[in-house]
Amino acid sequence: MNKPPLFSPFEIKSKTLRNRVVLSPMCQYKAKNGIVSDWHFQHYSRFAFSGLGAAFIEATGVSQDGRIGHGCTGIWDDEHVIGLSKIVKTFKDYNCISGIQLAHAGRKASFLRPWDGASPITKDDNKEPPWQTIGPSAIPINNHSPVPKEMTIEDIERVKNDFKTAGQRANLIGFDMIEIHGAHGYLLHSFFSPISNKRIDKYGGTF
């Protein structure tokens, strides 16, 4: 008897998922300076044990200013490699295809964790300080958010290189798949909307 499609193998290039059940990337806001901890190892290990075909690590900042908030995981520095490698090894041990979502939050960066209010971080939060956000244009998310710095061409080239370096680091760690976060109003997505992008250079205007 054939298996139902959900539980049948699925091939993507050289990788074979044992089934079509995949864990989407879901932010946990538990990292410290981007570094994953034993908490993350336990969290992701249970998905590796569960029989999933594949699982994605949560939105992972390609730079410090690319994090949504202080608790986001990171991959902008070699110090992030050890913890992520430990998680990937567990995925491989249990035949679960491993993926990571590379992200830059853009003008939606420097926000508090959801359970702390999900509002922009201020100097009065008595925790870690806020940081300068960036975007295609100097247009805030709303009237209660700080105005992002309009990115120069040099800023754009820097972010492009940050994604490239993050991808190389993810490959070194051993991830099977890389997903680029291009939705939800974060940096890459904001370049595609006339609401957030008023540029008149080659990174703005019509398609």
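The values are calculated or read from the model by the stated rules, or taken from the named source; none is laboratory data. Here the structure is a predicted model, which is why all the values come from computation and not from measurement. When we count neighbours, we look across all protein chains shown, and the Cβ atoms used for this are built from the backbone with ideal geometry, even at glycine. When the accessible area is computed, the model is the full protein with side chains, heavy atoms only, and any ligands, DNA or RNA have been set aside. Shrake-Rupley method; radii C 1.70, N 1.55, O 1.52, S 1.80 Å.
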Inset, instruction - Answer yes or no: is there a residue in the stretch 82-95 that is within 25 Å of THR133 (Cβ to Cβ), polar (S, T, N, Q) and modelled with pLDDT of 95 or more. - result: no
Legend entry - Single residue of the stretch 118-127 satisfying the filter (out of contact with any Phe, Trp or Tyr (no Cβ under 9 Å at 6 or more places or on another chain) and either closer than 16 Å to HIS144 by Cα or outside any loop (DSSP other than H, G, I, E, B) (or both)) that is most open to solvent (accessible area, probe 1.4 Å): LYS123
Legend entry - Among the residues listed as PHE7, PHE56, the single one being over 30 Å from ASP125 (Cα atoms), among the aromatic types (Phe, Trp, Tyr) and modelled with pLDDT of 95 or more: PHE56
Legend entry - Test result for ASP77, loosely packed, with under 15 Cβ neighbours inside 10 Å and at pLDDT 95 or above: yes
Inset, instruction - Taking only the stretch 128-142 into account, find how many residues are within 20 Å of PRO194 (Cβ to Cβ), in a loop (DSSP other than H, G, I, E, B) and touching a strand residue (DSSP E or B) at 6+ places or on another chain (Cβ under 8 Å). - result: 4
Legend entry - Among (1) over 17 Å from the mean Cα position of the chain (by Cα); (2) without any contact (Cβ under 8 Å) to a residue 40 or more places away in the chain; (3) not in a helix (DSSP H, G or I), the one test that LEU52 misses: (2)
Inset, instruction - Scan ARG67, ARG113 and give me the residue that is surrounded by fewer than 20 Cβ atoms within 10 Å (Cβ to Cβ) and within 17 Å of the chain's Cα centre (by Cα). - result: ARG113
Inset, instruction - Sort out which residues of the stretch 156-196 are assigned to a loop (DSSP other than H, G, I, E, B), open to solvent by less than 30 Å² (accessible area, probe 1.4 Å) and among the small types (Gly, Ala, Ser), and write them in order of number. - result: GLY174, GLY185, SER196
Inset, instruction - Pull up the stretch 28-61, narrow it to residues that are among the small types (Gly, Ala, Ser) and surrounded by fewer than 19 Cβ atoms within 10 Å (Cβ to Cβ), then point me to the one that is nearest to ARG18 (Cα to Cα). - result: GLY51
Inset, instruction - Would you check if PRO148 is open to solvent by less than 70 Å² (accessible area, probe 1.4 Å), within 28 Å of ILE82 (Cα to Cα) and either modelled with pLDDT under 95 or in contact with a Gly (Cβ under 8 Å, 6 or more places away or on another chain) (or both)? - result: no
